[in-house]
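Below: the structure, in structure tokens.
The values are calculated or read from the model by the stated rules, or taken from the named source; none is laboratory data. Please read all numbers here as calculations on a predicted model, not as lab measurements. When we count neighbours, we look across all protein chains shown, and the Cβ atoms used for this are built from the backbone with ideal geometry, even at glycine.
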Amino acid sequence: MPTPSDLANRQIRLASRPTGLPTRDNWRFTTEAVTEPAEGGVLVKTLYLSLDPAMRGWMNDVKSYIPPVGIGEVMRAGGIGQVIASKNPAFAVGDTVSATLGVQEYALIPQEQHKRSALHKIDLSVGSATQWLNVLGMPGMTGYFGLMDVGQPQPGQTVVVSGAAGAVGQTVGQLAKIKGCRAVGIAGGKAKCDWVVNELGFDACIDYKSGNVREGLKTHCPDGVDVYFDNVGGEILDHVLARITRKARIIICGAISQYNNTAPVQGPKNYLSLLVNRARMEGIVVFDYADRYHLAVAEMAGYLKDGRMKSKEDVVEGLDTFPETLLKLFNGENFGKLVLQVAA
Ligand SMILES: NC(=O)c1ccc[n+]([C@@H]2O[C@H](COP(=O)([O-])OP(=O)(O)OC[C@H]3O[C@@H](n4cnc5c(N)ncnc54)[C@H](OP(=O)(O)O)[C@@H]3O)[C@@H](O)[C@H]2O)c1
């Protein structure tokens with residue numbers, strides 16, 4: 001068994017801040033020696049990394065819910081790994097853990113950073129490593145708390161979700177069905193729309209790339225939209241605003257259509273619909289719910305087990321592919337939760 005000092009750690013660091021879509025030039029590849037953890041720390045070998053639209057925001061030097069990644073720093077990323085050295089009695093060599101590992105092959109996590117890195121053991125009998133990055137992980141928690149806490153769906157109501165075939169979207173639509181709602185997705189392309197209807201059990205899905213979203217909403221939400229879970233922003237948000245019911249709830253989870261803009265963000269034009277309908281629009285940041293994740297994970301694990309929840313991941317291999325793989329999120333090439341496999 002190699003000792004940490006025999007290992008080299010390949011890393012991907014932020015070299016410069018992009019304008020528009022990131023390119024390979026925005027990244028710097030480095031290799032560093034791996035060191036033993038100090039007292040209380042652990043050394044984790046990265047197995048899988050979660051690639052998230054939020055990464056694009058972390059590359060910008062703007063105030064947000066979390067500081068930007070600094071120039072020269074290893075790119076921030078959540079992931080699943082295996083403890084390969086431990087100076088902490090709570091973690092044994094061989095444990096599988098979830099943590100903010102960064103885009104690198106090995107993460108040394110000192111004791112004082114365990115909380116900030118959200119380091120915790122995961123139970124692979126409940127779900128696979130990639131499911132722990134999807135419905136049992138951060139996107140699943142986002143869908144769960146956004147829908148349940150902010151959306152407050154009632155049986156019989158209509159829930160619309162954009163980015164429906166993505167990580168957050170697949171959780172939202174399936175959960176809406178489990179809670180007795182009508183679930184209507186919006187996604188790009190026939191394959192994704194067919195999948196959310198035929199495999200996940202959504203009632204309908206509107207292909208925004210080939211169809212007319214306004215007409216689709218009219219057809220599939222004849223009584224209007226009670227809850228809209230917005231992952232994309234832009235024009236689609238405006239179309240949904242035009243169809244909301246009285247006291248509707250709109251969850252602002254993300255606005256991926258705007259993340260690579262070089263022009264100012266396009267805000268909603270139809271916002272007066274909130275006034276007319278006495279409706280509300282509320283943002284959500286998943287980390288605010290961290291102290292309740294265990295409750296949601298237990299519930300979602302039950303749905304995974306009894307087959308009411310499916311979890312689709314799109315796994316791409318190789319740390320070096322990170323710059324191009326990340327772009328799949330922005331051109332819609334990912335089908336399910338985008339995961340980078342770093343080691344077997
Ligand atoms: N607030 C929070 O705490 C929180 C936490 C996690 C995620 N989020 C947000 O949730 C959203 C979904 O994240 P995710 O991880 O589940 O990603 P994802 O849906 O798995 O992947 C992104 C998808 O966005 C769609 N997309 C890309 N460009 C678009 C455009 N211009 N217009 C419409 N759709 C576009 C693509 O699907 P199509 O092929 O269907 O176009 C793409 O596959 C993002 O906005 C993300 O920032 C927020």
key: Any chance Asn88 is within 15 Å of the ligand (Cβ to nearest atom), modelled with pLDDT of 95 or more and surrounded by fewer than 20 Cβ atoms within 10 Å (Cβ to Cβ)   = no
request  = Hey, could you check the range 325-344 for residues that are farther than 26 Å from Thr96 by Cα and in contact (Cβ under 8 Å) with a residue 12 or more places away in the chain and say which is farthest from the ligand (Cβ to nearest atom)?
outcome  = Leu327
task = Look at the range 200-219 and say how many of its residues are surrounded by 18 or more Cβ atoms within 10 Å (Cβ to Cβ) and either modelled with pLDDT under 95 or within 13 Å of Ala187 (Cβ to Cβ) (or both).
result = 9
query = For the subset of the range 154-194 comprising residues that are among the aliphatic types (A, V, I, L, M) and either surrounded by fewer than 24 Cβ atoms within 10 Å (Cβ to Cβ) or not assigned by TED's automatic domain parsing to the domain that holds Val213 (or both), which member is nearest to the ligand (Cβ to nearest atom)?
reply = Ala191
query = Just one of the numbered conditions (1) surrounded by 17 or more Cβ atoms within 10 Å (Cβ to Cβ); (2) more than 16 Å from the ligand (Cβ to nearest atom); (3) assigned by TED's automatic domain parsing to the domain that holds Ile80; (4) not β-branched (Val, Ile, Thr) is not true of Ser273; which one?
reply = (3)
request  = Go through the range 257-290 and count every residue that is free of Cβ contacts under 8 Å to residues at least 24 places away in the same chain, over 23 Å from the mean Cα position of the chain (by Cα) and more than 18 Å from Asn60 (Cα to Cα).
outcome  = 3
query = Which members of the range 310-344 meet the condition of being among the acidic types (Asp, Glu) and over 19 Å from Gly189 (Cα atoms)?
reply = Glu317, Asp320, Glu324
task = Return the residue satisfying two criteria in turn: it lies in the range 297-312 and is farther than 30 Å from Asp223 by Cα and within 16 Å of the ligand (Cβ to nearest atom), and of such residues it is nearest to the chain's Cα centre (by Cα).
result = Lys312
inquiry  = Of everything in the range 19-61, what is within 16 Å of the ligand (Cβ to nearest atom) and farther than 17 Å from Met138 by Cα? Give them in sequence order.
reply    = Gly20, Leu21, Pro22, Met59, Asn60
